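One structure is given below, encoded as structure tokens.
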Amino acid sequence: SLTSIPDSWEGLGALTESSSMFSGCTSLTSIPDSWEGLGSLTKSSNMFLGCTSLTSIPDSWGGLGSLNVAYNTFSGCTSLTSIPDSWEGLGALTESNSMFSGCTSLTNCGTTFTGLAKAINVRSLFDGCTGMRGDIHALYVYLSTKPIAVSYNTYCFRNCTQAVGYDLIPSNWK
């Protein structure tokens, strides 16, 4: 099984879709420390699906400004512990459903959410993230009041019962 990939995304500037590129690579522990080089990427569905040994991702979403569809990108990455504090850099993202579902070790959901301004599908975004301790209520408030309305939100925070503000979130988001 694949255990590592190159230290950069250099040479992939024309890549527009990376769906399932590393899906099921259960021995992959790390990825490059930046998304730079993936500026044309519009779809990353299932890119790291089930990469159960992946422990971290870059500390910024910078370099993914064209990304529009990211469903299941990190779904089932049970060793992933954190995501960037800011969602900035994802200005084109509309589909983030199940992006982190089943990431049982994930503890945070970010603190600056404006990069999700265009997101309309957040269904199961953090579904099953039982280790979540972040302020999901702040994320809920942002998503439920932003000018571009979220159309799909069921199970967005399901089973995130230890997270800050979980009890304040309406049941249709759980």
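So which residues in the range 128-152 are closer than 19 Å to Leu106 by Cβ and either open to solvent by 20 Å² or more (accessible area, probe 1.4 Å) or without any contact (Cβ under 8 Å) to a residue 12 or more places away in the chain (or both), if there are any at all?
Thr130, Arg133, Asp135, His137, Ala138, Tyr140, Tyr142
Only one of Gly102, Gly89 is crowded, with 18+ Cβ neighbours inside 10 Å, in a loop (DSSP other than H, G, I, E, B) and touching a helix residue (DSSP H, G or I) at 6+ places or on another chain (Cβ under 7 Å); which?
Going through Gly102, Gly89 in turn, just one is crowded, with 18+ Cβ neighbours inside 10 Å, in a loop (DSSP other than H, G, I, E, B) and touching a helix residue (DSSP H, G or I) at 6+ places or on another chain (Cβ under 7 Å): Gly89.
On the basis of being farther than 23 Å from Trp35 by Cβ and surrounded by 22 or more Cβ atoms within 10 Å (Cβ to Cβ), does Tyr155 make the cut?
No: the conditions fail for Tyr155.
Residue by residue, here is whether (1) open to solvent by less than 50 Å² (accessible area, probe 1.4 Å); (2) of a type in the set (Gly, Ala, Ser) holds:
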| site | (1), (2) |
| --- | --- |
| Ser34 | yes, yes |
| Lys43 | no, no |
| Phe48 | yes, no |
| Pro58 | yes, no |
| Val69 | yes, no |
| Asn72 | yes, no |
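Applying the selection to the range 113-125, what residues are open to solvent by 30 Å² or more (accessible area, probe 1.4 Å) and modelled with pLDDT of 95 or more? Please lay out each step first, then the result.
So in the range 113-125, the residues open to solvent by 30 Å² or more (accessible area, probe 1.4 Å) come out as 114, 117-118, 120, 123.
Within the range 113-125, Ala117, Lys118, Ile120, Arg123 meet the criteria.
The values are calculated or read from the model by the stated rules, or taken from the named source; none is laboratory data. Everything numeric in this text was worked out from a predicted model, so none of it was measured. Here Cβ is always computed from backbone atoms with ideal geometry, including for glycine, and neighbour counts include all displayed protein chains. What goes into the accessible areas is simple: the full protein's heavy atoms, side chains included, and nothing from ligands, DNA or RNA. Shrake-Rupley method; radii C 1.70, N 1.55, O 1.52, S 1.80 Å.
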